[in-house]
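Single-structure report; data block below.
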Amino acid sequence: MSNQKTVPGTGGDQYIPYEKRDGETSVVYFTRDLSAEGLRKIYARINGGLTGKVGIKLHTGEPHGPNIIPRPWVEELIKKELPDAAVVETNTYYEGGRYTTEAHRETLKTNGWTFCPVDIMDEDGTVNLPVKGGKWFTEMSMGKNILNYDSLFVLTHFKGHSKGGFGGSNKNIGIGCADGRVGKAMIHTTPGSDDMWDISDEEFMERMTESAKAVVDHFGDHISYVNVMRNMSVSCDCEGTAAEPVVTPNVGILASLDILAIDQASVDLVYAMKEEERHALVERMESRHGLRQLTYMKELHMGNDRYRLIDIDNGDQEISLRDAVRDIVPFQPEK
């Protein structure tokens, strides 16, 4: 068993209001336009550093997963903005539709990811990337093919998560770039344990975040982030058709060059909702101590938890969180 489940004083189950944060501010762009066009418009705000060969880190989902970012949105973005890019993924730690490269390839076909190259980065082995300033790791095992890319576009479906509380950009690269056998085991399992999921709460958040830091540091100025706040079940897309029903309203799309700022803003937008709208997702985040992702990113100097929220729908005006969620409506499944 893990020798540390909860780190005193880190408060992964405690939300820190904006006015109690300190430090510098970053920019987070926001649009309510949940469409292919909305994705393209907000992508244009954060694409300046995406040079050379670009990988798109995207959760492509278990077979027939209902809540993933719509494939036609991604297809249009790639064809019009990133024609030479490849979607990048890794195999899963758990047995399922993406556990082996062969099964993963079949799931990609099932889910329609056939219009561009998809690089399963651990198909050809692993590579260790350094973790600077971590307390759990000095390096993290990643899919070897991550070295083939000059830039990384982190395109994330923001949602809940059974282990992480929420899955944002930090989870997308922290878990999603770690290879399926070694790296993911380093994050999830105490060496020698017979429970592959025994690491949880603050320790899990810190391990996942250190893995993400390795990716952030590797790409430097050539990494950017988009979070799509749509179909936000409390379940991750790794649960596929078994995901819990969506009850949280759709919000919009966020973009930033700062991984902490974009995940913090996404969490803040959930907390800015009415209690009845946010209850399920907030309970999932707090019960798993998922907010430790945010405070640990700040401790590791991965970004800022203060930001200016810029509404690109209305002349790039800075808006409040309340204004951003003022007109959201109860979730309605798409027909």
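The values are calculated or read from the model by the stated rules, or taken from the named source; none is laboratory data. Nothing here was measured: the structure is a model prediction, and the numbers come from that model. Cβ: placed from backbone, ideal geometry, glycine included. Neighbour counts: every protein chain shown.
Filtering segment 272-285 to residues that are closer than 15 Å to G12 by Cβ and more than 17 Å from the chain's Cα centre (by Cα) leaves only E283. Checking I68, I56 one by one, the residue that is in contact (Cβ under 8 Å) with a residue 24 or more places away in the chain, in contact with a helix residue (DSSP H, G or I) (Cβ under 9 Å, 6 or more places away or on another chain) and not in a loop (DSSP other than H, G, I, E, B) is I56 and no other. Here W73 fulfils each of the conditions (1) under 20 Å from the mean Cα position of the chain (by Cα); (2) under 25 Å from M196 (Cβ atoms); (3) surrounded by fewer than 21 Cβ atoms within 10 Å (Cβ to Cβ) apart from (2).
Candidates in segment 145-188 are the residues that are hydroxyl-bearing (S, T, Y) and assigned to a loop (DSSP other than H, G, I, E, B); of these, the one that is farthest from Q293 (Cα to Cα) is Y149. Residue count for segment 216-237, restricted to those that are over 20 Å from L291 (Cα atoms) and either of a type in the set (A, V, I, L, M, F, W, C) or assigned to a strand (DSSP E or B) (or both): 3. For V127, the conditions (1) under 29 Å from G252 (Cα atoms); (2) assigned to a strand (DSSP E or B); (3) of a type in the set (A, V, I, L, M, F, W, C) are fulfilled apart from (1).
Would you please name the residue that is surrounded by the most Cβ atoms within 10 Å (Cβ to Cβ), looking only at residues in segment 245-285 that are without any contact (Cβ under 8 Å) to a residue 40 or more places away in the chain and part of a loop (DSSP other than H, G, I, E, B)? Taking the candidates together, the pick is P245. Scanning segment 130-144 for residues that are in a strand (DSSP E or B) and either among the hydrophobic types (A, V, I, L, M, F, W, C) or in contact (Cβ under 8 Å) with a residue 60 or more places away in the chain (or both) yields P130, E139, M140, M142. Among the residues of segment 191-216, those identified as touching a residue at least 60 places away in the same chain (Cβ under 8 Å), farther than 25 Å from D268 by Cβ and either among the polar types (S, T, N, Q) or surrounded by fewer than 24 Cβ atoms within 10 Å (Cβ to Cβ) (or both) are S193, D195, M196, D198. Screening M285 on (1) more than 20 Å from R306 (Cβ to Cβ); (2) at pLDDT 95 or above; (3) in contact with a strand residue (DSSP E or B) (Cβ under 9 Å, 6 or more places away or on another chain); (4) aliphatic (A, V, I, L, M) shows it passes everything except condition (1).
Checked against (1) in contact with a Lys or Arg (Cβ under 7 Å, 6 or more places away or on another chain); (2) buried (at least 17 other Cβ atoms within 10 Å of the Cβ), A86 passes all but condition (1).
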